[in-house]
Amino acid sequence: MRKFLFSLVALLCLSLPSFAAFETRANSAFVLDQTTGTVLFAKNAEQPLPPASMSKLMTLNMLFEALKDGRVSMDTRFAVSTKAREMGGSTMFLNERDRPTVEELIQGIIVMSGNDACVVVAEGLAGTEAAFARLMNDRARDLGMENSTFANASGWPHPNQRMSMRDLGLLANRLISEFPEYYGFFSATEFDFDGRAPTNRFNRNPLLKLGIGADGLKTGHTNEAGYGLVGSAVQGNRRVIFVISGLNSEKERAEEAERVVSWAFRQFVQKTVAKEGQRLAEAKVWMGAERSVALVAPSDIELILPALVRNEIEAHVEFNSPIEAPIEAGQQLGELVVNLPEMDQQRLPLVAETSVEKGGFVPRIRTAAGVLMGKITSGESLF
């Protein structure tokens with residue numbers, strides 16, 4: 001693997017003081033710039049922890065998938081079992097005579113954090129909550145959520161109900177990007193289901209009314225988990241997703257959530273570091289009609305960078321050299337690798353600028369002669 005090195009600092013012309021690491025009172029946290037896929041911050045983010053009601057996002061994901069593939073519609077009505085009716089904690093106050101619609105259940109889960117609504121959805125989609133939990137576990141594996149296990153649909157305390165903050169962040173990203181037609185429900189501040197729970201009709205998300213672009217997603221609280229929040233906000237052309245957990249009170253959760261949003265938008269800037277088609281490296285070609293091919297950006301390369309970075313950015317291009325022909329224009333040949341302080345390494349694809357056909361007689365003779373001369377020069381035996 002050959003590495004082509006260059007200075008990204010010079011490319012960006014940054015000249016401000018160095019970046020300071022973020023600190024949070026949350027026991028675990030994960031912050032993602034969704035626009036570029038950049039992880040801005042992680043603290044105990046891989047550790048499986050009690051997710052409380054934040055795991056209701058996985059129940060919603062399963063329901064949104066059922067909506068998208070036509071198994072249910074917004075008007076589909078589900079039965080309410082005795083088990084659902086007997087659920088404690090936050091509920092919609094459903095009873096066995098009710099037949100709530102999917103749309104009502106979505107709002108009941110998001111706004112009212114209805115544990116009963118989650119059981120209704122689980123039983124409606126899988127027959128039993130236990131069967132639904134198995135489906136959740138299978139789907140979590142498919143989605144790359146490596147540190148999540150589910151025992152129920154609501155987040156009710158259970159030793160096998162665990163999620164990492166990174167998994168919750170990736171799940172939030174999926175809900176936003178894959179289900180835009182349903183994501184608007186997360187910004188609802190109130191849902192009064194049949195007037196049954198007037199004190200439980202308000203969304204617990206403390207950021208929704210602050211005017212900072214927040215539009216989701218889910219709070220959570222148990223004695224074991226503490227206070228947590230999966231949140232997202234949009235400002236300008238950027239969206240930030242964050243997860244915090246293990247806080248001591250609603251007040252502390254609200255303060256820390258607002259502080260995370262402010263930090264994520266104020267301490268980072270989005271920069272175009274390479275334009276579409278810009279050449280970033282040249283690779284030798286093996287047995288091709290051309291001797292080399294340029295590696296270019298397939299589209300504008302946007303990076304989220306600490307606003308106060310000066311000399312702490314390291315970047316290089318990686319590719320295998322020589323590259324064997326034939327090569328097609330647009331074929332990925334390498335990666336732009338960017339290392340930033342206190343952030344995950346970023347690897348961005350680079351592609352062939354032009355096609356290179358397999359060489360005819362003359363290129364093959366030239367290549368063979370080059371190999372022969374290399375052996376002679378190195379003293380290697382020819383036979």
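Only the coordinates and a few stated rules stand behind these numbers; no lab work does. Note that the structure is predicted; figures quoted are calculated from it, not measured. Glycine gets a Cβ as well: all are built from the backbone with ideal geometry, and neighbour counts include every protein chain shown.
Against the empirical 2.2 N^0.38 Å scaling, what ratio does the C-alpha Rg of region 197-238 come to?
Compared with the compact-globule rule of thumb, region 197-238 sits at 1.37.
Want the number for E103 to D344: 0.36 nm per residue separation, take away the alpha-carbon distance, what's left?
On the way: separation 241, 0.36 × 241 = 86.76 nm, distance 3.84 nm.
Residue separation times 0.36 nm, minus the Cα-Cα distance, leaves 82.9 nm.
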Coil-residue GluC sites (Glu not before Pro) of region 273-352, DSSP, other Cβ within 10 Å capped at 16:
E276, E290, E312, E328, E342
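Would you mind working out the magnitude of the charge dipole of the chain relative to its Cα centre, with +1 at each Lys and Arg C-beta and -1 at each Asp and Glu C-beta, to the nearest 20 Debye?
520 debye
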Lys/Arg +1, Asp/Glu -1 at C-beta; the chain dipole; positive extreme among V72, N137, A26:
A26
Given R₀ = 22 Å, FRET efficiency for E250-T189 by Cβ-Cβ distance, to 0.05?
0.90
Report the full-extension gain for the segment E335 to N160: residue separation times 0.36 nm, less the Cα-Cα distance, to one decimal in nm.
59.1 nm
Restricting to bridges with both residues inside the chain, how much of the DSSP beta-bridge set is antiparallel, in percent to the nearest 5?
95 percent
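Divide by every residue of the chain the summed helix terms, -39500 (n - 2.57) for each DSSP H run of at least 4, and state the resulting mean residue ellipticity at 222 nm, rounded to the nearest 500 deg cm²/dmol. Display every interim value, and only then the final one.
Working: 10 runs with 110 residues, N = 383.
Using -39500 (n - 2.57) per qualifying helix, the result is -8500 deg cm²/dmol.
Apply 1/(1 + (r/R0)^6) to the Cβ-Cβ distance of E282 and F93, taking R0 = 45 Å, and write down the FRET efficiency to the nearest 0.05. Could the numbers behind the result be given before it?
Working: r = 68 Å, r/R0 = 1.51.
The formula returns an efficiency of 0.10 here.
Compute the FRET efficiency between K68 and R291 as 1/(1 + (r/R0)^6), taking r as their Cβ-Cβ distance and R0 = 45 Å, and round to the nearest 0.05. Show your work: numbers first, answer last.
Details: r = 49 Å, r/R0 = 1.09.
The pair K68/R291 has a calculated efficiency of 0.35.
Where does region 28-266 land on Rg(C-alpha)/(2.2 N^0.38 Å)?
Working: Rg = 16.5 Å, N = 239, 2.2 N^0.38 = 17.6 Å.
With N residues counted in region 28-266, Rg over 2.2 N^0.38 Å equals 0.93.
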Ranking D69, D192 by Cβ neighbours within 10 Å, fewest first, what do you get?
D69, D192
